[in-house]
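The values are calculated or read from the model by the stated rules, or taken from the named source; none is laboratory data. For clarity, every value in this text was computed on a predicted model and none was experimentally measured. Methodologically, a virtual Cβ is constructed for each residue, glycine included, from the backbone with ideal geometry; neighbour enumeration extends over all protein chains shown.
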Amino acid sequence: MRKFLLLTFWILIATFLLILAELFLPVLGRFSRSPLLFLLFFAVLFLLGILLILLTMKEKMGEKLRKSLILTGASATSFFIFIFLHNVFYALGMAVKDIAVLNYLVEIFHIAFFLITVFVCPMGFLIGAISSMVLFVKKGD
């Protein structure tokens with residue numbers, strides 16, 4: 001079970017790096033112009049995050065490592081959720097743009113979910129992944 005947890009963790013890291021490479025390296029961006037392929041990477045990240053959380057809950061380990069792995073899995077899972085919510089509230093904003101109060105309220109949610117997706121989720125993922133790697137090396141796994 002521990003090896004499956006480690007394998008899931010490293011595949012999750014590789015998927016995250018692939019998504020970053022797709023976004024920031026123009027050479028890789030040319031190979032996957034399909035939005036469905038890009039969405040597939042986020043779906044894989046989402047599912048691997050859920051799997052990492054479930055495996056972490058079942059495995060016996062130190063409290064610090066458990067918290068780091070859960071942070072990594074939760075951040076990976078929340079990417080997909082907050083991207084979806086950002087798009088939902090953007091669409092709602094377009095639908096209720098004539099109603100001033102609702103328009104402002106929906107716009108606040110739209111911006112908040114965007115900021116969480118862009119800043120909070122990647123930072124949580126990086127903090128959780130780096131601390132998990134350090135704790136894995138420290139323990140000798």
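Does Val137 satisfy the criteria of being exposed (fewer than 14 other Cβ atoms within 10 Å of the Cβ), free of Cβ contacts under 8 Å to residues at least 40 places away in the same chain and over 20 Å from Ala14 (Cα atoms)?
When the stated conditions are applied, Val137 does not pass them.
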Checklist line | Scope the range 78-115; condition closer than 20 Å to Gly49 by Cα and either in contact with a Ser or Thr (Cβ under 7 Å, 6 or more places away or on another chain) or of a type in the set (Lys, Arg) (or both); matching residues | finding: Phe79, Phe82, Ile83, His86
Checklist line | Subset tally (residues that are within 17 Å of Leu126 (Cα to Cα), without any contact (Cβ under 8 Å) to a residue 60 or more places away in the chain and hydrophobic (A, V, I, L, M, F, W, C)) for the range 51-70 | finding: 3
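Residue by residue, here is whether (1) modelled with pLDDT under 90; (2) over 13 Å from Leu51 (Cα atoms); (3) touching a strand residue (DSSP E or B) at 6+ places or on another chain (Cβ under 8 Å); (4) of a type in the set (A, V, I, L, M) holds:
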| residue | (1), (2), (3), (4) |
| --- | --- |
| Lys3 | yes, yes, no, no |
| Thr8 | no, no, no, no |
| Ile11 | no, no, no, yes |
| Thr15 | no, yes, no, no |
| Pro35 | yes, yes, no, no |
